[in-house]
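Structure, as structure tokens:
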Amino acid sequence: MEGLLVPTVGVGKRPLLRFLGTSFFLSNIVVGASPGFPVSQRSSCATPTTPLFCFFRASVRPPSPQVPLLQVSGPLLLLQLLETPLLCLLSYASLVATNAARLRLIAGPEKRLLELGLRRAQGPDGGLTASTYSYLGGFDSSSNVLAGQLRGVPVAGTLAHSFVTSFSGSEVPPDPTLAPAAGKGPRVDLAASVKVWLERVCAHLGLGAQEPHPGERAAFVAYALAFPRAFQGLLDSYSVQRSGLPNFLAVALALGELGYRAVGVRLDSGDLLQQAQETRRVFRTIAAQFQIPWLESVPIAVSNNVDEEALARLAQEGSEVDVIGIGTSVVTCPQQPSLGCVYKLVSVGGQPRMKLTEDPEKQTLPGSKAAFRLLGSDGSMLLDVLQLVEEPPPQAGQELRVWPLGAQEPCTVMPAHVEPLLRLWVQQGQLCEPLPSLAESRAFAQLSLSRLSPAHRQLQSPAPYQVALSEKLRALVDSLSAGGPQ
């Protein structure tokens, strides 16, 4: 059987292979409770020694659905039982990874992308899957702490509005003092130092020292005392320019006197682009006024229902945005909420099977197949070739006669390099080699994406990627098609 997937970053290998390792228990339970199954099929259910094989796609798929993402072989009944769980494990993970890759292409390589979608995800399992595979697809980190603990996803986040607004300004820290970052010297009353800096900052900005919200400032001081090396400010709880920004600057500059550097600010409402530019302008003027160069480059993060259109605007040159937090648009995949994954029978007992239908797009390619990517001398991708598994693989430097899908005539191609696209991961029900780490899978996915041509990477109307059949496979397709309903 094979799984065919629309243009995508195909992922989900780890949970899928873990599931296959225990699937013989599933089949034994189901068959044991179902005496109506034919004896021939009942005897073919999986056992710990079942000859189960699994080939997984070894590269990101260009925009062509014909090359299988997954190919499994084994007892027929078991493989029929596996259809739904395999598609479940692959589909959403691949959808999220593909969507994340799309958002990364829009953002470009320089912007840091933070996944913030757990509260919008399809339940806890969907949230963990989204956090894991958005990272694989190109995001830099996630706010999902469990994804960091279980899957090794880098974790990042900022303050919550509820934390900031829970302070009134009358709170007295248990210990308002803080030691210098270098560890030498007397402790300093941070709250008192912040008041001094607030007056200086407000005077420069043309504000009264009483205008910035005292509760917001108390929240920033409390956070700075707890995390002096990771201080950041959420600026829009009250007013960015008249409260959040001066309060943040007062705390950041007081920390700076002790050798600490603020790590960033976040904007979460309003015109994010305009506010980011204005915030950066203030950082620069304050840095120049008080001769504090590091303040100019404090990272600015933005969030608030960032979709593809907003992302493109925030990613433009000169936006002054460093980090972009995306939640709903990455975990719910609004451009395509589901993937059209299918799982089709292609061979039984060594005999090819082909689905013939009135809809040409739903016709399948028969027989157990191998897949290869043909590359030019410069590493560019020429086309992918599908052939029957018993055929000898294409050879670099040798001419190959193939039939491009949809073409009426064959063509000849001579690749400089040949890459196999289906890699054996399970043999006789056992893993063939250790699974790569999430970081390794992410690096491989990003490398594969970078090898796609601009025409295939473009988000609107990408160029079709050419897939061809070997002459033997084409002849088999023609033979079975001719024998179908007239």
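Read the figures in this text as sums done on the coordinates, not as results from a lab. Note that the structure is predicted; figures quoted are calculated from it, not measured. Backbone-built Cβ (ideal geometry, glycine too); neighbour counts: all protein chains shown.
Annotation: extensible slack from Thr84 through Thr357 equals 96.1 nm (criterion: 0.36 nm per residue apart, minus Cα-Cα distance).
Secondary structure note: in the chain, about 65% of the DSSP beta bridges are antiparallel.
With neighbours defined as other Cβ atoms within 10 Å of a residue's Cβ, the residues Ile300, Ile292 order from fewest to most as Ile292, Ile300. Rounded to the nearest 10 degrees, the angle from helix 471-482 to the longest Cα principal axis of the chain is 70 degrees. Ranking of Ser338, Ser319, Ser166 by neighbouring Cβ atoms within 10 Å, starting from the fewest: Ser338, Ser166, Ser319. Peptides 420-432, 401-413 ranked from most to least packed by the mean count of surrounding Cβ atoms within 10 Å: 420-432, 401-413. With contributions of -39500 (n - 2.57) from each DSSP H run of at least four residues, the per-residue ellipticity at 222 nm computed over the chain stands at -11500 deg cm²/dmol. Between the residues Leu87, Gln122, Ala101, the greatest Cα displacement towards the positive end of the dipole of the stretch 61-135, with unit charges on the Cβ of Lys, Arg, Asp and Glu, is found for Ala101. Rounded to the nearest 10 degrees, the angle from helix 272-290 to the longest Cα principal axis of the chain is 40 degrees. Apply 1/(1 + (r/R0)^6) to the Cβ-Cβ distance of His161 and Leu435, taking R0 = 45 Å, and write down the FRET efficiency to the nearest 0.05. Here the calculated transfer efficiency is 0.65. Relative protection proxy for 178-186, 125-133, from highest mean packing down: 125-133, 178-186 (other beta-carbon atoms within 10 angstrom).
The lysines whose alpha-carbon is closer than 24 Å to the alpha-carbon of Lys184, local same-chain residues fewer than 8 away aside, are Lys195. Listed by chain and number, the lysines placed with their C-alpha closer than 21 angstrom to that of Lys344 are Lys13, Lys355, Lys362, Lys369, Lys472; residues fewer than eight positions away on the same chain are left out.
Entry note: the chain has Rg to Rh equal to 1.11, where both radii use alpha-carbon atoms and Rh is the Kirkwood radius. Between 0 and 90 degrees, the angle of helix 438-451 with respect to the longest Cα principal axis of the chain falls at about 70 degrees. In terms of overall dimensions, the stretch 295-372 has a Cα radius of gyration and Dmax of 23.0, 70 angstrom. The overall shape of the stretch 212-341, judged from the alpha-carbon gyration tensor, is prolate: a/c is not under 1.5, and a/b is greater than b/c. For the stretch 437-454 versus the stretch 97-121, the inter-centroid distance based on Cα atoms is 15 Å.
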